[in-house]
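Shown next, in structure tokens, is the structure this report addresses.
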Amino acid sequence: MADISVTDQDLHHGEDHGDHGHDDHHGDKYQSSFIDRYLFSMDHKTIAKQFLMTGMFWAVIGAGMSIIFRLQLGFPDADLSWLQPLLGGWIDINPSTGVGSLNPDFYYALVTMHGTIIVFFVLTAGLSGTFSNLLIPLQIGARDMASPMLNMFSYWFFFLSGVVMFASLFLNTGPFSGGWTAYPPLSELPQASDGSKAGMTLWLLSLVLFVVSVLLGGINYITTILNMRTKGMSMFRMPLTIWAFLVTAIIGLLSFPVIASGFFMVLFDRALGTSFFLNEIYVAGEALTERVGGSAILFQHLFWFLGHPEVYIIILPAMGIVSEVLSVHSRKPIFGYKAMVFSILAIAVLSFLVWAHHMFMTGMNPFVANIFVLFTLIIAVPSAVKVFNWIATIWGGNLRFNTPLLFAIGFVSLFISGGLTGLFLGNAAIDIQQHDTYFVVAHFHVVMGVAAFFGMFAGVYHWFPRMFGRFMNETLGKIHFWGTLIGAYAIFGPMHYLGMAGVPRRYYSFDTFSAFADFDMMNKFMTIAAIVVFLIQILFLINFFYSIYKGKKQTTMNPWEATTLEWTAPINAGHGNWPGAIPHVHRWPYDLSRYEDRDFVPQTEPLAEGEIDGGH
Amino acid sequence: MTAPRVRRIHPQKFALWVGIISMTMLFSAFTSAYIVRKSAGNWLSFPLPDAFFYSTGVILSSSILLHMAYKAFVKENYQLFRGLGIASSVLGIVFLILQYQGWIALNDIGVFLHTNQSSSFLGVMLLAHSFHLVGGLAALSIVLTYALRKKTLKLTPKRQLRMELVCTFWHFVDILWLYIIVFILIQQ
Ligand code: HEM
Ligand SMILES: [Cu+2]
């Protein structure tokens, strides 16, 4: 419990005793060695970078996997023997022709790992972990998180979870291959498939560690936001980023334990012979007469009770970042600040009431399905409010078309496109046709996958100077943006069409279905687009790492002329963020273009005589 | 100069409460799944062995003793604190033993973990709860060793906070068990 003293004595020294500087106190007694400073750091800014770098590592792995299985889908007859050095036994070589093809079991493993990695490691930990850590203390005016130690543990549990998942890639029987949703019985019976053997055990272990990481992080984010705001930072003076992180953490805290309960029961079923999710199963003609009475559907309920909130855990931080970036770079206050806050809250509440829209086709009672249709369609309302407000924010603004703004606008475009397809899927009757087709794959990649990546990119380009004291290259950034935007639509646009034609997802090959033979060209096109987009992301990586060392130096403390507190701390601020006292807050965070003669007014500036705080 | 800000609740205490909410979600998930599964029929009913009722008494007493220990701690009464603190952690261990006894008693009447989902659910909840209790026991013993290292008690805000955190968690684990056993009795 060493961190109690950090929080109370060192970190708040400045705050409690007024204005004299305390550099020596909140200095680096925790960071005296290399290991403390870069590895087991308790500083929220370092932990944010750790989350970001780890997330980027996983993004490369996860995206790389998708390229390999896209090759199979686009070019099923191609010779893949050149991949053998990388994939070894997972490339089957035809002994007579010498042509190498992807092992079907491994195809499923790749799809499963791709989903798991991107959803949990990249878009949950990499996105929310990075920006919650970086921005919460800086934007609310705190020296660090409520418990820097728990914060450090949160990262290391994530790291450990990644190590376990990574190890599963090297198993003889391969990693888990039953889909990122891990439905039983595939996830429970080792005899069901190779991936259901040790691969699934490691998958479960990894995700249990991951849940611990999310919970530790979330507890900290909530506590910090609710308890450690600087003087004057009332709830309605918090930037929308902070609102988004707060609500994200709350959703996570309520939904992740539920999936943890499901995971425990799967563990019991696997290891201790219980049958929570098993009933009258036949595997390879053999009846498992002992395993009766359970229900696989029950797992689906537990999974989607997390699963749907999880998609908002992913998208809300991106929404917060986008709100902030749009406002700053169009030099206008966010339109409808309170409406934005309330729609975040409404989305959060509703996100717990719609999970069964993933289960319309499980034979549920249509009257029950109706209730879920209703709530699912209602959730479109707060989503639409946000979209209108973003558009109204940039409308008539003095737009600075730099990379962060472009990515934020791209986010809005993608969120609209993907949200519209959600409305189709949300109708139980239409879903009969669309369920488990590429339409669903297109829907969630656009609305969640790519959109959340765009939010993350907007954030990285925008707060890069805050993290590294330098800027990323604008030209490369713009190429990155246009390439990714056009490429993403090129991949997922045609996919909607495939789905409407009934092409099912999660198929290794369509050889035997003459109905789907017409889509060869389209599949080739999507695969090529995917490869191009992947290569463009490498450009981003180069830009990122090059700029850390060689990027244009940040010379002024507040390069974007933003109003929020993170830009009042010195460039490359040390532990404790502000060398002197913590700044106090006197106004809402969006006083941009409010006055004729002033482009922006920082949150730290006291209200003038008779001036009314904005946003109220 | 600004006046020191008065906090109603210490951030770490607040964090514990947030954590408690999340742990509650875990057990509400178990019990909801229990209800759903039970309504599907083919549900084996069995009487709860006496050991579980004894253990309920034990953990309740343990909580009460710990509360008194906390009172003694605040009054810096070393002797009383030591007695009560140790007694309450011993009762925690007795609780675990009784839970185990209860499970063995179930096995004796032919109810095993895999016999029916009714026993599987009981098993998974017993285990999850025991894990939480072991966590509480670990925290309690750390606090006790720290406090008892010296022959006198000196109350510092930091120590008091630590003690309060442990007590809150311990009471939570206690109430959690009450919830589980009352839930199962009602469901029978
Ligand atoms: C207008 C709002 C939305 C509606 C009405 C909606 C509706 C649906 C429905 C009904 C499905 C299930 C389709 C099926 O499996 O047959 C679905 C799948 C999905 N949605 Fe949405 N959605 C909306 C927005 C979102 C958002 C904002 C995200 C993420 C940020 C998202 C992520 C997903 C994911 C990940 C899946 C598929 C998961 C899987 O089966 O692997 N959706 N959506
Ligand atoms: Cu959903």
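Worth pointing out:
- Subset of segment B:20-47 (residues that are at negative phi and either among the aromatic types (Phe, Trp, Tyr) or outside any helix (DSSP H, G or I) (or both)): B:PHE27, B:PHE30, B:TYR34, B:ALA40, B:TRP43, B:LEU44, B:SER45, B:PHE46, B:PRO47
- Inside segment B:25-76, residues that are touching a Leu at 6+ places or on another chain (Cβ under 8 Å) and within 14 Å of chain A (Cβ to nearest Cβ) make up a count of 6.
- The one condition from (1) of a type in the set (A, V, I, L, M); (2) away from ligand 1 (no atom under 16 Å from the Cβ); (3) within 27 Å of A:SER213 (Cβ to Cβ); (4) within 14 Å of chain B (Cβ to nearest Cβ) that A:MET238 does not meet is (4).
- When we screen B:LEU148, B:LEU165, B:LEU153 for residues that are touching a residue at least 60 places away in the same chain (Cβ under 8 Å), in contact with a Lys or Arg (Cβ under 7 Å, 6 or more places away or on another chain) and over 28 Å from B:MET25 (Cα atoms), the only hit is B:LEU148.
- Verdict on A:VAL328 being within 30 Å of A:ASN543 (Cβ to Cβ), more than 16 Å from ligand 1 (Cβ to nearest atom) and crowded, with 20+ Cβ neighbours inside 10 Å: yes
- Residue match in segment A:171-181 (condition: at pLDDT 95 or above, of a type outside the set (Gly, Ala, Ser), within 16 Å of ligand 2 (Cβ to nearest atom) and not in a helix (DSSP H, G or I)): yes
- Extreme residue, nearest to ligand 2 (Cβ to nearest atom), among residues of segment A:433-448 that are buried (at least 24 other Cβ atoms within 10 Å of the Cβ) and not aliphatic (A, V, I, L, M): A:HIS443
- Some residue of segment A:167-179 being away from ligand 1 (no atom under 16 Å from the Cβ), open to solvent by less than 10 Å² (accessible area, probe 1.4 Å) and either of a type in the set (D, E, K, R) or under 29 Å from B:PRO11 (Cβ atoms) (or both): no
- Annotation note: of A:GLY477, A:GLY487, the sole residue that is open to solvent by less than 30 Å² (accessible area, probe 1.4 Å), in contact with a helix residue (DSSP H, G or I) (Cβ under 8 Å, 6 or more places away or on another chain) and more than 23 Å from A:LEU71 (Cβ to Cβ) is A:GLY477.
- Test for A:ARG291: is it outside any helix (DSSP H, G or I), at negative phi, more than 7 Å from chain B (Cβ to nearest Cβ) and open to solvent by less than 60 Å² (accessible area, probe 1.4 Å): yes
- When residues of segment A:341-373 are limited to those that are more than 9 Å from ligand 1 (Cβ to nearest atom) and among the aromatic types (Phe, Trp, Tyr), the one surrounded by the most Cβ atoms within 10 Å (Cβ to Cβ): A:TRP355
- Filtered residues of segment A:280-301 (kept if under 35 Å from the mean Cα position of the chain (by Cα), more than 16 Å from ligand 1 (Cβ to nearest atom) and of a type in the set (S, T, N, Q)): A:SER295
- Index of the failed condition, A:ASP92 passing every other in (1) surrounded by fewer than 21 Cβ atoms within 10 Å (Cβ to Cβ); (2) touching a residue at least 12 places away in the same chain (Cβ under 8 Å): (2)
- Checking each residue in segment A:302-322 for being within 13 Å of the chain's Cα centre (by Cα) and away from ligand 1 (no atom under 12 Å from the Cβ) picks out A:GLY320, A:ILE321.
- Residue within segment A:231-245 that is part of a helix (DSSP H, G or I), in contact with a Leu (Cβ under 7 Å, 6 or more places away or on another chain) and open to solvent by 10 Å² or more (accessible area, probe 1.4 Å) present: no
- Of all residues in segment A:271-288, those being modelled with pLDDT of 90 or more and part of a loop (DSSP other than H, G, I, E, B) number 8.
- Qualifying residue in segment A:212-224 (condition: on the phi > 0 side of the Ramachandran plot and touching a residue at least 60 places away in the same chain (Cβ under 8 Å)): no
- Listed by position, the helices (runs of 4 or more DSSP H) enclosed by segment A:420-523 that each have at least 1 residues that are more than 14 Å from chain B (Cβ to nearest Cβ), away from ligand 1 (no atom under 16 Å from the Cβ) and touching a residue at least 24 places away in the same chain (Cβ under 8 Å) are A:451-468, A:474-500.
- Any pair with Cβ under 9 angstrom, 6 or more apart, that starts in segment B:16-38 at a residue that is within 16 Å of A:PHE276 (Cβ to Cβ) and ends at one that is outside any helix (DSSP H, G or I): B:ALA33/A:PHE276; B:VAL36/A:SER295; B:ARG37/A:PHE276; B:ARG37/A:GLY293; B:ARG37/A:GLY294; B:ARG37/A:SER295; B:ARG37/B:TRP43
- Every listed requirement among (1) more than 13 Å from chain A (Cβ to nearest Cβ); (2) surrounded by 15 or more Cβ atoms within 10 Å (Cβ to Cβ) is met by B:PHE121 save one, (1).
- Restricting segment A:353-378 to residues that are within 11 Å of ligand 2 (Cβ to nearest atom) and not in a helix (DSSP H, G or I), the residue that is farthest from the other protein chains (Cβ to nearest Cβ) is A:VAL354.
- Unique residue being part of a helix (DSSP H, G or I) and modelled with pLDDT under 95 when the list is A:PHE305, A:PHE342: A:PHE305
- Near pairs, Cβ below 7 angstrom, 6+ apart or cross-chain, from segment A:116-137 (farther than 23 Å from B:PRO11 by Cβ) to any residue that is not in a helix (DSSP H, G or I) and not small (Gly, Ala, Ser): A:THR116/A:TRP180; A:VAL119/A:TRP180
- Consider segment A:490-517 and keep the residues that are under 22 Å from A:PHE534 (Cβ atoms) and among the aliphatic types (A, V, I, L, M). The one that is surrounded by the fewest Cβ atoms within 10 Å (Cβ to Cβ) is A:ALA490.
- Taking segment B:64-81 as the range and being touching a helix residue (DSSP H, G or I) at 6+ places or on another chain (Cβ under 6 Å) and surrounded by fewer than 22 Cβ atoms within 10 Å (Cβ to Cβ) as the test, the residues that pass are B:LEU65, B:MET68, B:TYR70, B:ALA72, B:LEU80.
The values are calculated or read from the model by the stated rules, or taken from the named source; none is laboratory data. Remember, it's a predicted structure, so these values are computed and weren't measured experimentally. Cβ coordinates were reconstructed from backbone atoms using ideal geometry, including for glycine residues, and neighbour counts include every protein chain displayed. To get the accessible areas, we keep the full protein, side chains included, count just its heavy atoms, and leave off ligands, DNA and RNA. Shrake-Rupley method; radii C 1.70, N 1.55, O 1.52, S 1.80 Å.
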